[in-house]
Amino acid sequence: MRTLGIRLRSLAAFRALLDDSVIAALCAYLDSLGGDVAQAVSRYARFVSCLYDTGAPTLADYVRDIVADDENAYIRMVGRGQTPSEEMGEAVLQELKILQTVADLSPEALRQGLDWDGYLPAFRKGQVDLAAYYADRCANILRYGYGIYARYRMFYIDTDGKIVPVRHPDRTRLSMLVDYEREQKIILDNTIALLEGKPAANILLTGDAGTGKSSTVKAVVNELHHRGLRILEVRKEQLHQIPEILDELNSNPLKFILFIDDLSFQKDDDDFSAMKAILEGSVSARSQNVVIYATSNRRHLVKETFSDRDGDDIHRNDTMQEIISLSERFGIQITFQKPNKQTYLDIVRHLAQEHGIDMEPERLALEAERFALGRGGRSARAAKQFVDSLIAARNG
């Protein structure tokens, strides 16, 4: 068993896994075998504790996941469509055998050589064929991706400018969104074109607040993530980071939506110039695997005043045209209209039925209208909030 620790330290392609908390704890335990019993018992317990902390159902499942998440030189080359050298390929095969040994470990096998007959915590043994699993992921890398993009579908940029995953993403599906079928189809078709390597446009989604613009984008990702689609949300103040982001995503085998929610600018806003430069640079042409989807409650994106329209700017028409033209730089523009009474009630009925709300139709409609009046008008968001209130009252 002690030789397994030595074999693990021979990893080259998967060397980053030695810094993983579970693998590091395992190596520390293996090193202690044959030495001080108390130290070995403590290190064994620490290994099991680290495994417990991950929430993985079995050790085999955990090893499979860290192998899939590992962003190593081999998988990056495969992702770029390059052929790794024979030496690198052989290293991957041999190292997967070492990691297979770890995945196959049982508590009983791990305790061999440990001179202790007292209680020790156990863990579940699982089954996985790492060689076949990794071969499948490499063969279908356009669908699976690698690194953090292999496990997660939604991402954002943190305060340090680092791309990090959304660990509990929005699970909205298109089937949960009532009405707006025409608008949804345009977005879905454009996104499928991106996934199929066809020309895809940047999209601007405008319309009243609460009409489901951002929910539709996230629902499309939930429908298509299994085909290799990911979404990265970028805040307005992070627009200047997009060129750097594109450099990172450009060589990735997956397809990405850069999502900018609630986009609007003040006149002379530096972020306005950054957005204009990005769109004029034809992001989708430079990066065949990236499109920009933005939502806004304003069709022209820039907040205007009457003085902007009637000022003494000698080139006033040119200035106003410059402001308006930003939205026109998106290849597709879609407007989400505020729902009328019938559509609003259709959404309410659909959501109520989906959540098992048992209420007479006339009363449901009356209460829904009263709720919308209190919220300042009908919207898909108001419909959801109304049904949520019914669910809370039922469960309360």
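The values are calculated or read from the model by the stated rules, or taken from the named source; none is laboratory data. Worth saying up front: this structure is predicted, and the values here are computed from it rather than measured. Cβ placement follows ideal geometry from the backbone for every residue including glycine, while neighbour counts extend to all protein chains displayed.
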Inset, instruction - May I ask you to say which residue of Glu362, Glu354, Glu367, Glu328 is farther than 19 Å from Thr172 by Cα and either in contact (Cβ under 8 Å) with a residue 40 or more places away in the chain or surrounded by fewer than 12 Cβ atoms within 10 Å (Cβ to Cβ) (or both)? - result: Glu362
Legend entry - Subset tally (residues that are exposed (fewer than 14 other Cβ atoms within 10 Å of the Cβ) and charged (D, E, K, R)) for segment 79-135: 9
Inset, instruction - Check segment 1-9 and report whether any residue there is of a type outside the set (Gly, Ala, Ser), modelled with pLDDT of 95 or more, in contact with a Cys (Cβ under 8 Å, 6 or more places away or on another chain) and not in a helix (DSSP H, G or I). - result: yes
Legend entry - Subset of segment 143-152 (residues that are within 21 Å of Val217 (Cβ to Cβ) and either buried (at least 20 other Cβ atoms within 10 Å of the Cβ) or of a type in the set (A, V, I, L, M, F, W, C) (or both)): Gly145, Ile148, Tyr149
Inset, instruction - Note down all Cβ pairs under 7 Å where the first residue falls in segment 370-396 and is within 19 Å of Tyr180 (Cβ to Cβ) and in contact (Cβ under 8 Å) with a residue 40 or more places away in the chain, the second is of a type in the set (Asp, Glu) and surrounded by 14 or more Cβ atoms within 10 Å (Cβ to Cβ), and they're at least six residues apart or on different chains. - result: Ser379/Asp208
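Given the criteria loosely packed, with under 15 Cβ neighbours inside 10 Å and either under 22 Å from Arg2 (Cα atoms) or over 32 Å from the mean Cα position of the chain (by Cα) (or both), does Gln39 qualify? Outline the logic, then answer.
Numbers: loosely packed, with under 15 Cβ neighbours inside 10 Å: yes; either under 22 Å from Arg2 (Cα atoms) or over 32 Å from the mean Cα position of the chain (by Cα) (or both): yes.
Judged against the criteria, Gln39 is a match.
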Legend entry - Subset of segment 160-204 [of a type in the set (Ser, Thr, Tyr) and at pLDDT below 90]: Thr172, Ser175, Tyr180
Inset, instruction - Filter segment 189-209 down to the residues that are in contact with a Leu (Cβ under 7 Å, 6 or more places away or on another chain) and polar (S, T, N, Q), then identify the one that is farthest from Pro253 (Cα to Cα). - result: Asn202
Legend entry - Conditions (1) assigned to a strand (DSSP E or B); (2) surrounded by fewer than 22 Cβ atoms within 10 Å (Cβ to Cβ): number failed by Phe256: (2)
Legend entry - Yes/no for Ala68 being of a type in the set (A, V, I, L, M, F, W, C), buried (at least 18 other Cβ atoms within 10 Å of the Cβ) and either modelled with pLDDT of 95 or more or not assigned by TED's automatic domain parsing to the domain that holds Gly126 (or both): no
Legend entry - Pro57 being in contact with a helix residue (DSSP H, G or I) (Cβ under 7 Å, 6 or more places away or on another chain) and closer than 24 Å to Tyr149 by Cβ: no
